[in-house]
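One structure is given here, and the rest of the page talks about it.
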Amino acid sequence: MPEPTRAWVRLLIVLAGVAVCGCDRSGPGGGTPERIFGQTGLGPGDFSYPRTIAVGPDGDVFVIDKSARVQRFNSDGEFEHGWQMPDWRAGKPVGVTIDRTGRVFIADTHYHRVKIYDHDGNPL
């Protein structure tokens, strides 16, 4: 069988598996999610296509969405604080992590940098 035909056959097998299995809203292992928070929008606690998420050592959850907003939630999913990345028109941040002291590191690949903030969004 020619190589392009094999690629199509593999693709059809994968798509058939997805169609048969479908999407499962349960969590890993078949359980239900512990917590769901947020909704579509641009207000505090809302999301416009969430892109990345990280949990800090204190349990706070940081989410960055496609509008280049960084939002912090407590461990119960309640909005606490948010800020806008300074430059974002060339592209939005794609990664976030929090170190053990609570500093927030944001991978801003479109601007070839990693921005570092304190827990409240003040640049370091």
Going through region 51-79 in order, the residues found to be part of a strand (DSSP E or B) and loosely packed, with under 15 Cβ neighbours inside 10 Å are 53, 55
I'd like the full set of residues that are hydroxyl-bearing (Ser, Thr, Tyr) and either open to solvent by less than 60 Å² (accessible area, probe 1.4 Å) or farther than 14 Å from residue 56 by Cβ (or both), limited to region 80-124. 109, 111, 117
Is there any pair linking a residue in region 77-103 that is on the phi > 0 side of the Ramachandran plot to one that is outside any strand (DSSP E or B) and of a type in the set (Phe, Trp, Tyr), with Cβ under 6 Å and at least six apart or on different chains, and which? 77/37
Exactly one of (1) hydrophobic (A, V, I, L, M, F, W, C); (2) modelled with pLDDT under 95; (3) assigned to a strand (DSSP E or B) is unmet by residue 88. Its number? (3)
If residue 16 satisfies every condition in (1) open to solvent by less than 100 Å² (accessible area, probe 1.4 Å); (2) part of a helix (DSSP H, G or I); (3) at pLDDT 60 or above but one, which is the exception? (3)
Restricting to region 26-50, count the residues that are outside any loop (DSSP other than H, G, I, E, B) and either open to solvent by 30 Å² or more (accessible area, probe 1.4 Å) or closer than 20 Å to residue 101 by Cβ (or both). 5
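The values are calculated or read from the model by the stated rules, or taken from the named source; none is laboratory data. Keep in mind the model is a prediction, meaning the values are calculated, not measured. Positions of Cβ are backbone-derived with ideal geometry, glycine not excepted, and every protein chain shown enters the neighbour counts. Side chains included, ligands, DNA and RNA excluded: accessible areas come from the protein's heavy atoms. Shrake-Rupley method; radii C 1.70, N 1.55, O 1.52, S 1.80 Å.
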